[in-house]
1. Is there a residue in the range 201-220 that is more than 17 Å from the chain's Cα centre (by Cα), modelled with pLDDT of 95 or more, under 26 Å from Ile158 (Cβ atoms) and not aliphatic (A, V, I, L, M)?
2. Considering only residues that are among the basic types (Lys, Arg) and in contact (Cβ under 8 Å) with a residue 40 or more places away in the chain, which ones fall in the range 206-232?
3. Would you please list the contacts, defined by Cβ atoms under 9 Å and residues six or more apart or on different chains, that run from a residue in the range 78-90 that is among the basic types (Lys, Arg) to a residue that is part of a helix (DSSP H, G or I)?
4. Given the conditions (1) modelled with pLDDT under 95; (2) buried (at least 19 other Cβ atoms within 10 Å of the Cβ); (3) of a type outside the set (Ser, Thr, Tyr); (4) within 18 Å of the chain's Cα centre (by Cα), and given that Gln147 satisfies all but one, which numbered condition is not satisfied?
5. For the range 358-400, what are the residues that are surrounded by fewer than 16 Cβ atoms within 10 Å (Cβ to Cβ), closer than 21 Å to Arg187 by Cα and among the acidic types (Asp, Glu)?
6. Name the pairs: first residue in the range 340-360 and touching a residue at least 24 places away in the same chain (Cβ under 8 Å), second residue surrounded by 12 or more Cβ atoms within 10 Å (Cβ to Cβ) and among the hydroxyl-bearing types (Ser, Thr, Tyr), Cβ to Cβ under 8 Å, at least 6 apart or on different chains?
7. Go through the range 291-310 and count every residue that is over 24 Å from Thr49 (Cα atoms), in contact with a helix residue (DSSP H, G or I) (Cβ under 7 Å, 6 or more places away or on another chain) and surrounded by fewer than 20 Cβ atoms within 10 Å (Cβ to Cβ).
8. With the structure loaded, tell me whether Val380 is touching a strand residue (DSSP E or B) at 6+ places or on another chain (Cβ under 7 Å) and under 24 Å from Trp288 (Cα atoms) or whether it fails that test.
Amino acid sequence: MPKTVCFVTLGCKVNQYDSQAMLEQFEAHGYECREDGADVCVVNTCMVTGTGEHKSMQLIRRMRRRYPASELVVAGCLAQRMGESLRSTGARLILGTQRRGEVVELLERAIAHHEQIVAVDSIQGAPYEPLSIHSHEGHTRAVMKIQEGCDNRCAYCIIPTVRGPVRSRPLEAVAAEAQALSRAGFRELVLTGIHLTSYGRDLPGRPTLAQAALCACAPEGVLRVRLGSLEPRVVTDAFLDALADEPRLCPQFHLALQSGSDAVLRRMRRGYTAAQYLDAVSRIRQVWPLASFTTDIIAGFPGETEEEFAQTLALCREVEFLRIHAFPFSPRAGTPAAQMPGQLSQECKAERVGRLIALGRETSRLYRQRLLGLVRPVLVEEASSMRGYTPEYVPVTVPGARAGEVVEARLEALDGEEGLRGSLVE
């Protein structure tokens, strides 16, 4: 009987990619993937927020209780941060945010020697770890990691301490993986990283994110390339000029906001103003008039007044976001924001998150209404529901469409809180 492995992944698209890369390492060593009850259980953790850390610890304990005979591997950001202290979980292998390519060798060494291994190395000065994937969950879209680490040191963020400094994947490696994923049948690639805006600044010749996107667009089978989370400073003349005529680049931009108040942005150390954010949105829409925007917002940052929060709401209405991902401020030990005066109550933060979520539903509806009557290409992802996405990342149900196809659909009606319904255009 072949050995089996299961994965449970928390957190961002980078973690999803890292889990897939580790899974392929197991498969290369003869393991089969199972949903649960496997010989090996890998928990890939998150700790960007207090909620993420709590969920990660809960999940580790639950997996230990549910599958006491399985070998437990704890990987990711929480493991990088806590290291040796996770020995008490009973994990056979504790793996941080490096050495994922060695996961099987390290695990089997630990089993053979009847020991625990904590393979958590310093990430300062670490090179880019050349992980790669050749498949991905789903039928049409694959996440492709091209960047690791962040140097920004925002006042609230713990990620630089667990992911390290900026490291980028060379252009030739980006092109090679895009080609491999195209050959595997994927039609859309989502470029992701811890701080994608910084892509290339550490490489010889300082290649740009736009160049990386063009490399990903190059394989014949790739129909779409979508960019992950960005910051306003990426929107330069050079960026727009390089990508304006690339039909495979999706005009959907996850442009992180965090706050619409200049005073709060300064306290956050975000490095841009609300006006600069709006200018980036305007410049993108001059090139792609239908461009959609999604964003992240932190509600209840220390000292945030009702007036400052109102400025955030006003900016959201002006941009008309397709989606707003709202989070309550979560103090992370060791960050400046955790010690700032003016910490708000959980009730206040939750109330503001609720208002942002309600506003997000409103702005999504307004944006989607602008698309009604238009004909847009829809890449169909789900055969049973005949549901796919426009280049702007609006989900559309198209009766009669088949999975894996790009169909022309007339957008006819709103569908739920996020989607549209359409009809095939012959």
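The values are calculated or read from the model by the stated rules, or taken from the named source; none is laboratory data. From a predicted model like this one, the values you see are computed outputs, not experimental measurements. With ideal geometry, Cβ positions are generated from the backbone for all residues, glycine too; neighbour counts draw on all protein chains shown. Areas reflect the complete protein model, heavy atoms only, side chains present, ligands, DNA and RNA absent. Shrake-Rupley method; radii C 1.70, N 1.55, O 1.52, S 1.80 Å.
1. Within the range 201-220, one or more residues are more than 17 Å from the chain's Cα centre (by Cα), modelled with pLDDT of 95 or more, under 26 Å from Ile158 (Cβ atoms) and not aliphatic (A, V, I, L, M).
2. Residues satisfying the conditions are Arg224, Arg226.
3. Listed pairs, sorted by first residue: Arg81/Glu53; Arg81/Thr161; Arg81/Val162.
4. (1)
5. Glu382
6. Leu356/Thr312
7. Number of matching residues: 1.
8. yes
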